[in-house]
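The values are calculated or read from the model by the stated rules, or taken from the named source; none is laboratory data. Small disclaimer: the values here were computed from a predicted structure and weren't measured. Cβ placement follows ideal geometry from the backbone for every residue including glycine, while neighbour counts extend to all protein chains displayed. Ligands, DNA and RNA are stripped out before the accessible areas are found, and what is left, the full protein with its side chains, is counted by its heavy atoms. Shrake-Rupley method; radii C 1.70, N 1.55, O 1.52, S 1.80 Å.
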Amino acid sequence: MSLADTLVSAGEYFLIITAELVLLFVVVSLFVGVLQVYVSPRTMQRVLGNTGSVAGSMFGAAFGALTPFCSCSTIPITLGFLKSGVAFSSSMSFLFASPLLNPIILAMMLVIFGPIITVVYAVIMFVFAVGIGLILERAGYRKYLKPVAVEGGIDQAGTKFQQIVNFALTIFRQMLPYLLLGAGIGAFIYGFLPSDWVLAAAGPENIFAIPIAALIGIPLYIRAETILPIAAVFLEKGMGTGTVAALLIGGAGMSIPEITMLSAIFEKKLVGVFVIMIFASAVLTGCILQIITW
């Protein structure tokens, strides 16, 4: 294939994947905007509860699944929950679930991975989110919280319709560069990266590919909106589904910026345990998805 043909192929891929993801992104952002406007923080805090129950952690994970925030954006919200008397387990379940299980990510995964992988991924992440919150609560890690003040609130200017649209536009403006970056990198890989290279480094036959991908993801700060378009190309090139999932969870669930921000509100021991749990969930989820798709 000539250089011109390769460029055309990569350009077509970029336009197609960008159009699909942007359309989904806008629709889901509006839906989440409706939830943000009509479900008040006070209601959520009452639902989440102030004791470490299984139901509270489930509600915390479910609320995280309805919020389209990256890992760093969840921290002020988590801190607000804790200062409002929400159970520690519910807050930790939210902190884990929000960047990895929200509607935008699941909608994008549905396009790229298909319904079966998306459903399995969602179930596994939800179970991990609930479990991590309960484990940290029962092990007494609440004592490793630092005393930090909380300021600010939700902007409720304008009509409810205006609030929904403004919320969706704000989220769209913030995340569109990451979508375009991911689609652009994905298009370049699609056109120029030899499949043999991908298979050799991270193919399904490499037993170390999943933990390595999880380790690589943690310091990179790869937003899910960026890595998912790239993941579509990696899958076409032959990378294992489990390896892609491990990279996604490691990068989107725990990153250097988030570790820094968590250090401002958590003691070192709690930060370290949380990072270990993210890594473990990335590896285990990757292994499960790899077995399913083998």
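General observations
- So V244, is it under 15 Å from the mean Cα position of the chain (by Cα) and more than 24 Å from V119 (Cβ to Cβ): no
- Applying the criterion of being under 23 Å from the mean Cα position of the chain (by Cα) and over 23 Å from F266 (Cβ atoms) to the residues of region 128-164, the residue that is modelled with the highest pLDDT is I164.
- Set V198, V244, V271: member being open to solvent by less than 60 Å² (accessible area, probe 1.4 Å), modelled with pLDDT of 80 or more and farther than 21 Å from A107 by Cα: V271
- A Cβ distance below 6 Å, combined with a sequence gap of six or more or placement on separate chains, defines the contacts here; from region 255-284, residues that are of a type outside the set (K, R) and part of a helix (DSSP H, G or I) reach residues that are buried (at least 20 other Cβ atoms within 10 Å of the Cβ) and at pLDDT 90 or above in the pairs M277/I132; S281/F128.
- Scanning region 79-132 for residues that are within 20 Å of A280 (Cα to Cα), of a type outside the set (A, V, I, L, M, F, W, C) and open to solvent by 10 Å² or more (accessible area, probe 1.4 Å) yields T118, G131.
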